[in-house]
């Protein structure tokens, strides 16, 4: 969505001209604003960069890669994060993914602007009660301990 908004701000798409006023939206950082404003909370600051989050989601959910395999994929990126940062982001993703299925169960009906659908009533089933990827994350920890840098 952010990519599309940037395109619409600067270039537009066939049949729709650019909308320069979208600059006012695009310069803002997405935030749930759950903390006082003085703390300058942002979603990417609390989670990880959206581009990385989308890639991890794609690798984990669509491609069904393990946490360890995802860390290896992140290390192959052109602007790869440090190993510690990649591990931190992968752990955070799997912890939040497994712990927040109940939120996905309550998705309101909506349309999608992308080709991914995490709606548990249709495409992406995941149990509300689960092991939270504890075995998979322990495998990641074992690999890290076996190959310290």
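The values are calculated or read from the model by the stated rules, or taken from the named source; none is laboratory data. All of these numbers come straight from a predicted model, not from anything done at the bench. Here the Cβ is made from the backbone with ideal geometry for all residues, glycine too, and neighbour counts use every protein chain on show.
Summary of values
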| item | result |
| --- | --- |
| Spans of helices (runs of 4 or more DSSP H) in region 67-107 with at least 1 residues surrounded by 14 or more Cβ atoms within 10 Å (Cβ to Cβ) and at pLDDT 90 or above | 67-74, 83-99 |
| For residue 24: the one exception among (1) at pLDDT 90 or above; (2) outside any loop (DSSP other than H, G, I, E, B) | (1) |
